[in-house]
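Below is one structure, written out as structure tokens; the observations come after it.
The values are calculated or read from the model by the stated rules, or taken from the named source; none is laboratory data. This structure is a prediction, so every number in the text was calculated from the model and none was measured. For neighbour counting, all protein chains shown are included, and Cβ atoms are generated from backbone atoms with ideal geometry for every residue, glycine included.
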Amino acid sequence: MTRRYLDMNQHDALYTVARKFPGGLDALAQELDISVNVLRNKLSPTIASHYPSFEEVSQIVECCHKAGVAEAHLPLHALLVRHGMAAFVVPQPESARQDDLSQTVCRVMSEVGAVAEAVSSALLDGIITPTEADLIERKFQSALSVLGAWRARLRDETGSGIH
């Protein structure tokens, strides 16, 4: 039976993101200066006796982010979701200037609409499955990211910041 990995499970997300590192786990292990077998055991959601430390999780996410792995921060989002919290990537001022404020507002509305659509679709049968809940959480994370970008744009536009 094939195991279904959930994006909003921090162990699954870390395993999935690490495997997407350019060159795979072999290259990531070399980057982290550990053996590939140790890394594979620490990342495997099915091996309960080995876990990465907080520092190792941080290093893996950092390496994946620097290497351009899509959604490299997903394990951090998943960890926060588990504890009823949320985070977003803080946009850098230079990336916030790439479009005008009205486009940012449109992206915010689009992402909030995507959250509503995911919730509405999940509730059609009256039951939200783990896979549907996982999708909803991902949509919330995306919406939070664009809200953070909007806030950064507003701070940048006013020059004095919003507190």
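Step by step: first the residues of the range 35-94, then only those that are of a type in the set (Ser, Thr, Tyr) and at pLDDT below 95, then the one that is farthest from the chain's Cα centre (by Cα). Which residue is that?
Per the criteria, the residue is SER49.
Please list, ordered by residue number, the helices (runs of 4 or more DSSP H) wholly in the range 1-89 having 1 or more residues that are outside the structural domain of LYS139 (by TED's automatic domain parsing) and aromatic (Phe, Trp, Tyr).
10-19, 54-66
Scanning for something touching a helix residue (DSSP H, G or I) at 6+ places or on another chain (Cβ under 6 Å), of a type in the set (Lys, Arg) and at pLDDT below 90, does the range 100-108 turn up at least one residue?
yes
In the range 102-139, how many residues are farther than 25 Å from TYR5 by Cβ and touching a residue at least 40 places away in the same chain (Cβ under 8 Å)?
4
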